[in-house]
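Report on one structure; see the data block that follows.
The values are calculated or read from the model by the stated rules, or taken from the named source; none is laboratory data. This structure is a prediction, so every number in the text was calculated from the model and none was measured. Here Cβ is always computed from backbone atoms with ideal geometry, including for glycine, and neighbour counts include all displayed protein chains. Heavy atoms of the whole protein, side chains included, go into the accessibility calculation; ligands, DNA and RNA do not. Shrake-Rupley method; radii C 1.70, N 1.55, O 1.52, S 1.80 Å.
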Amino acid sequence: MEGEDSSNSGVKYLVGKTAGKSGVIAGLVATHIATIFGLWFYGARLPKFDFPSLNGYIYVGLPFGFTHPDVAFVVGGVFHYVDGILFGLIFALVVSPMMGRIIKPLAAMTPTANYIKGLIWGWTLWIISSALWMPLLIGPILAPYGAPVGTFLTSFGPYGVQALLANLLWHTIWGANLGLIFSPRPASGGVRSWTRATAAEMR
Amino acid sequence: MAARTMMAAAGLFVLGLILLIAGAVIEPAAPAISQSGESLIALGLTFIAIAVGFFFAWAAPS
């Protein structure tokens, strides 16, 4: 599974031979693990986070999504997984190299630095999800059915602020898996730092 | 650096466990829910997930 970049950039990956492939695989794994955990949240007394169905309500509309939950789940699931994979790709090609250059403590290509970058990207998406996606897209769809979302996801249906924190847990799981699996390291061992040239070579 | 990172991860893990236990104690029997209980459970699991990830990153060969 482990591969060295064929472009002779001197970077190897935990999985895949290029940053793009590694990012796509890491995005798929992270999205699937986080999605499954979200569906299991109710077992820990947390709000169930069914992102495939929530996406489905956007694309198939309501009340069709309520009367055909399987259709909403599958259609929304496709878009949800594509979104997760593309966010992984964006992380691998743009965000991770950028963080390596801007945040000096994260410049080294080490598993710990890569992991922290994944967490930061996950938390960034948590803020976008809670501040924009849920209130602006899901809120208006579910509000007529008695499940408003509230500002910054603080009153989702019968839940209060715990929905916001469960969303934080979801995106932490996603970012942690992304950062652990998309883990570029120097092919020759030792420590290497991100430079503008490194990012260009990796593509 | 590695030792300090692991100490911080261990601290996060313990903090997560404490929050998780506190949340589980506060949480009433189903179907009733407690906003504070569920919030502490979510935060506790978040800290535990972060700490476990740190351990995996630390243990990964570089």
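Points to keep in mind about this one:
- Breaking point among (1) over 27 Å from A:T18 (Cβ atoms); (2) aliphatic (A, V, I, L, M); (3) under 12 Å from the mean Cα position of the chain (by Cα), for A:A131: (3)
- The stretch A:14-47, residues that are in contact with a strand residue (DSSP E or B) (Cβ under 6 Å, 6 or more places away or on another chain) and open to solvent by less than 10 Å² (accessible area, probe 1.4 Å): A:S22
- In the stretch B:25-51, residue surrounded by the fewest Cβ atoms within 10 Å (Cβ to Cβ) [restricted to those that are in a helix (DSSP H, G or I) and either in contact with a strand residue (DSSP E or B) (Cβ under 7 Å, 6 or more places away or on another chain) or more than 8 Å from chain A (Cβ to nearest Cβ) (or both)]: B:V25
- Count of residues meeting criterion [in a helix (DSSP H, G or I) and either within 14 Å of chain B (Cβ to nearest Cβ) or under 24 Å from B:G37 (Cα atoms) (or both)] in the stretch A:136-182: 23
- Of residues in the stretch B:10-24 being within 10 Å of chain A (Cβ to nearest Cβ) and crowded, with 20+ Cβ neighbours inside 10 Å, the one nearest to A:Q162 (Cα to Cα): B:G23
- For the stretch A:38-46, the count of residues that are out of contact with any Gly (no Cβ under 8 Å at 6 or more places or on another chain), part of a helix (DSSP H, G or I) and more than 14 Å from every other protein chain (Cβ to nearest Cβ) is nonzero.
- Criterion violated by A:I116 - all others in (1) touching a residue at least 12 places away in the same chain (Cβ under 8 Å); (2) away from chain B (no Cβ under 14 Å); (3) under 30 Å from B:A24 (Cβ atoms); (4) open to solvent by 10 Å² or more (accessible area, probe 1.4 Å) satisfied: (2)
- Of the helices (runs of 4 or more DSSP H) lying entirely inside the stretch A:52-106, the ones with 3 or more residues being among the aliphatic types (A, V, I, L, M), more than 19 Å from A:L125 (Cβ to Cβ) and open to solvent by 10 Å² or more (accessible area, probe 1.4 Å) are found at A:69-90.
- For the stretch A:121-151, the tally of residues that are more than 17 Å from A:Y57 (Cβ to Cβ) and at pLDDT 90 or above stands at 10.
- Subset of the stretch B:1-24 that is over 15 Å from the mean Cα position of the chain (by Cα) and part of a helix (DSSP H, G or I) - its residue that is nearest to A:L46 (Cα to Cα): B:T5
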